[in-house]
Amino acid sequence: MRTVLQRVSRAAVRVDGEEVGAIETGVLLLVGVERGDTEADADATVRKIAGLRVFPGRTPMDRTLAEVGGGCLVVSQFTLLGTVKKGNRPGFDKAAEPALAERLYERVAAGLAATGLPVATGVFGASMQVELVNEGPVTLRIETQDGRILP
């Protein structure tokens, strides 16, 4: 599973011009589910995000989402699994089938909500417009495999 985390002062997602999810201070999470990903990968992603210290406190990276009262905007993005090694058109062979991808994407959102964090989401499979103000800027990549965080 690949997740791109961006620390934001606000973020919103729209479908057909209608806002379907929004947060103020928190993180925008773009989640891509890869073939072979499991519930353990989704759970490891949740644990890592909930515990990450990416907000300023005594140091620039000192406080967690919960400590700053931040929320999560979770958006599915299969293009994170795209490859551009061959030719000029991205290939998406590594992306999971939609049924698995949707289930694990929803598990990430539900897992974060279960920790007590406010969670908003996009609409799986929809064409979405995402707007954000990246604070810092802070952008991190989180990858899991076999239920473990990869380096």
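Specify which of the listed residues (Val20, Val33, Val27) is among the aliphatic types (A, V, I, L, M) and either in contact with a Ser or Thr (Cβ under 7 Å, 6 or more places away or on another chain) or farther than 16 Å from Glu102 by Cβ (or both).
Val27
Can you find even one residue in the range 22-33 that is touching a helix residue (DSSP H, G or I) at 6+ places or on another chain (Cβ under 9 Å), on the phi > 0 side of the Ramachandran plot and in contact (Cβ under 8 Å) with a residue 24 or more places away in the chain?
Yes - at least one qualifying residue is present in the range 22-33.
If I filter the range 34-59 down to residues being touching a Lys or Arg at 6+ places or on another chain (Cβ under 8 Å) and assigned to a loop (DSSP other than H, G, I, E, B), which single residue comes out as surrounded by the most Cβ atoms within 10 Å (Cβ to Cβ)?
Val54
Please indicate, with yes or no, whether at least one residue in the range 2-19 is touching a Phe, Trp or Tyr at 6+ places or on another chain (Cβ under 9 Å), modelled with pLDDT of 95 or more and of a type in the set (S, T, N, Q).
Within the range 2-19, not a single residue is touching a Phe, Trp or Tyr at 6+ places or on another chain (Cβ under 9 Å), modelled with pLDDT of 95 or more and of a type in the set (S, T, N, Q).
Can you name the residue in the range 101-151 that is basic (Lys, Arg) and over 17 Å from Cys72 (Cβ atoms) and is also surrounded by the fewest Cβ atoms within 10 Å (Cβ to Cβ) among such residues?
Arg148
Could you list all residues from the range 20-67 that are more than 20 Å from Ala110 (Cα to Cα) and among the acidic types (Asp, Glu)?
Asp62
Each row is one residue, and each column tells you yes or no for (1) in a strand (DSSP E or B); (2) over 19 Å from Arg35 (Cα atoms); (3) in contact with a strand residue (DSSP E or B) (Cβ under 9 Å, 6 or more places away or on another chain).
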| site | (1), (2), (3) |
| --- | --- |
| Lys85 | no, no, yes |
| Arg89 | no, yes, no |
| Tyr105 | no, no, yes |
| Val123 | no, yes, yes |
| Glu131 | yes, yes, yes |
| Pro137 | yes, yes, yes |
| Ile142 | yes, no, yes |
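Which residue pairs have Cβ atoms under 8 Å apart, sit 6 or more places apart or on different chains, and have a first residue in the range 124-150 that is free of Cβ contacts under 8 Å to residues at least 24 places away in the same chain and a second that is surrounded by 13 or more Cβ atoms within 10 Å (Cβ to Cβ)?
Note: pairs meeting the criteria are Leu150/Glu143; Leu150/Thr144.
Determine which member of the set Val8, Val20, Val27 is farther than 22 Å from Lys94 by Cβ, assigned to a strand (DSSP E or B) and touching a Cys at 6+ places or on another chain (Cβ under 6 Å).
Val27
The values are calculated or read from the model by the stated rules, or taken from the named source; none is laboratory data. Values in this document were obtained by computation on a predicted structure and should not be read as measured data. We place every Cβ from the backbone using ideal geometry, glycine too, and count neighbours over all the protein chains shown.
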